[in-house]
Amino acid sequence: MTTTLSVRRLAWAGVEIRLGDTRLLIDPLENVAPLAPVMGPPHRPVDPVDTPPGTHALITHLHPDHYDHDLIARIAATGTIGCHTRARPGCARRASPPLPRTWASHVASER
């Protein structure tokens with residue numbers, strides 16, 4: 001049996017990479033309401049993001065169109081969240097409620 005790699009565009013800058021039961025969401029965004037006053041409504045509907053076990057996320061930076069706290073918290077319940085080392089303190093400060101410990105313990109290195 002061959003496992004197929006699939007790539008799907010998410011809202012704004014997000015991408016979902018899927019291989020078998022494993023998903024990597026890069027800059028996942030689901031709730032665009034906070035962006036509407038500044039960026040306007042999306043040009044096309046923003047689909048909900050499914051987060052079954054085996055879903056992980058990578059946050060490239062903390063601009064609001066690259067980071068959805070509620071979605072990240074859902075992913076962190078069963079997956080790993082990675083971010084650039086310099087962004088990690090900002091991610092932790094902005095999290096309310098605080099993100100699970102996986103945020104701090106599984107971080108991409110600066111290399």
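The values are calculated or read from the model by the stated rules, or taken from the named source; none is laboratory data. These numbers were taken from a predicted model, which means no experiment stands behind them. Positions of Cβ are generated from backbone atoms using ideal geometry, with glycine treated the same way; all protein chains shown enter the neighbour counts.
Points to keep in mind about this one:
- Any chance Asp70 is farther than 23 Å from Thr3 by Cα, out of contact with any Leu (no Cβ under 9 Å at 6 or more places or on another chain) and not in a loop (DSSP other than H, G, I, E, B): yes
- Filter result (farther than 17 Å from Arg74 by Cα and either surrounded by 15 or more Cβ atoms within 10 Å (Cβ to Cβ) or in contact with a Cys (Cβ under 7 Å, 6 or more places away or on another chain) (or both)) within region 12-34: Trp12, Ala13, Ile17, Arg18
Residue by residue, here is whether (1) at pLDDT 80 or above; (2) of a type in the set (Asp, Glu); (3) in contact with a helix residue (DSSP H, G or I) (Cβ under 9 Å, 6 or more places away or on another chain); (4) assigned to a strand (DSSP E or B) holds:
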{"residue": "His56", "(1), (2), (3), (4)": "yes, no, yes, yes"}
{"residue": "Arg74", "(1), (2), (3), (4)": "yes, no, no, no"}
{"residue": "Arg86", "(1), (2), (3), (4)": "no, no, no, no"}
{"residue": "Pro97", "(1), (2), (3), (4)": "no, no, yes, no"}
{"residue": "Pro100", "(1), (2), (3), (4)": "no, no, yes, no"}
{"residue": "Val107", "(1), (2), (3), (4)": "no, no, yes, no"}
{"residue": "Arg111", "(1), (2), (3), (4)": "no, no, no, no"}
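- The residues on offer are Pro52, Pro37, and the sole one that is assigned to a loop (DSSP other than H, G, I, E, B) and surrounded by fewer than 17 Cβ atoms within 10 Å (Cβ to Cβ) is Pro52.
- For Arg18, the requirement of being out of contact with any Leu (no Cβ under 8 Å at 6 or more places or on another chain) and modelled with pLDDT of 85 or more is not met.
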